[in-house]
Amino acid sequence: QNAIAMPERQAVTGKKTEKGQPPALQLMKIRKQFGEHEVLKKIDMNIGIGEVISIIGPSGSGKTTLIRTVNRLETLNGGEVVLFGEDFIKGGLSLNRQQVRSGMQRIGMVFQNFNLFPHKTALENIMLAPRYHGTTGNAELNRQQALFLLDRVGLLAHANKYPHQLSGGQQQRVAIARTLALSPDIILFDEPTSALDPEMVGEVLKVIQELAKEGMTLIIVTHEMDFALSVSDRVVMMEHGVVQADARPQSILKADNSTPELLRIREFMGIEN
Ligand code: ADP
């Protein structure tokens, strides 16, 4: 029974990051250009352990680029990323491979288009995750854990199906289970529901919501405004490569003329005045 290792999780503690404990993630003056186009303009952001952050904003504002830089899928033109108090990306300075590798293992990412291996079953896709990262060699343990994770996302009965035999929502849930197999401490979601038919969106959001309740640190790029308001500790709005607003849902919902800085985010979210 003990052989089935649950992914480690942060304890849920109302206030989350404790005094003196570093945040899960610190972005400091993050800059990114594509050619002459400045896509991220000195972004600063702190994300506490167990915090759930939704990133919203118009298309092209830099949301996806931001989370891709955090996961080292894009290089930076400037700035630093500190992960649980340790240097992870430091402009110009190369960190040693061990630092980068251990950091990479702490960050999971879920993509818009699932990125499953098409010729592997749901179960195999998940079992491949840890091996891909070279962390464990015990096949039976992998299998047990993969089944356990499939059950968690409600897909045990579909373990032996191939991606093309699954709906988009089911494929995305497999992709989430695969990410969990790596026992990340932070999960980045890049528009996880935007490739889905409307009737599939709810089942994926429900899985993400459960992770949030369990205290996982989540950063979610999303266009689902109701979801962002209900699940997040903070909603961050980006516009033209800067953070336009960074506020708690309650503050956004209560905002009025005395908080003009929140009127734009309300407008973007479609909240009636
Ligand atoms: P969002 O996620 O908010 O829609 P993105 O981060 O995807 O925005 O894109 C921000 C800007 O960067 C856009 O103008 C986009 O065209 C540009 N961009 C993104 N990726 C690349 C790339 N690989 N090469 C050139 N430009 C890019």
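The values are calculated or read from the model by the stated rules, or taken from the named source; none is laboratory data. The model shown is predicted, which means the values in this text are computed figures rather than measured ones. Note that each Cβ is placed from the backbone with ideal geometry, even for glycine, and that neighbours are counted across all protein chains shown.
In the set 208, 186, only one residue is surrounded by 20 or more Cβ atoms within 10 Å (Cβ to Cβ), farther than 18 Å from residue 25 by Cα, touching a strand residue (DSSP E or B) at 6+ places or on another chain (Cβ under 9 Å) and modelled with pLDDT of 95 or more; that residue is 208.
Criterion applied to 176, 187 was being in a helix (DSSP H, G or I), at negative phi and more than 16 Å from the ligand (Cβ to nearest atom), and the one residue passing it is 176.
Of all residues assigned to segment 16-23, at least one qualifies as being more than 16 Å from the ligand (Cβ to nearest atom), surrounded by fewer than 13 Cβ atoms within 10 Å (Cβ to Cβ) and among the basic types (Lys, Arg). There is no residue in segment 81-93 that is among the β-branched types (Val, Ile, Thr), under 21 Å from residue 208 (Cβ atoms) and modelled with pLDDT of 90 or more. Return the residues of segment 235-267 that are away from the ligand (no atom under 16 Å from the Cβ) and either under 21 Å from the mean Cα position of the chain (by Cα) or among the β-branched types (Val, Ile, Thr) (or both); say none if nothing qualifies. Scanning segment 235-267 gives 247, 248, 249, 252, 259.
Where strands (runs of 3 or more DSSP E) fall wholly inside segment 51-100, the ranges with 3 or more residues that are within 16 Å of residue 24 (Cβ to Cβ) and more than 16 Å from the ligand (Cβ to nearest atom) are 78-83, 86-90.
Looking across segment 200-234, the residues that are touching a residue at least 24 places away in the same chain (Cβ under 8 Å), acidic (Asp, Glu) and either within 16 Å of the ligand (Cβ to nearest atom) or more than 30 Å from residue 142 (Cβ to Cβ) (or both) come down to 224, 233. Hey, does segment 134-155 have a residue that's touching a residue at least 24 places away in the same chain (Cβ under 8 Å) and within 15 Å of residue 107 (Cβ to Cβ)? The answer is yes; a qualifying residue exists.
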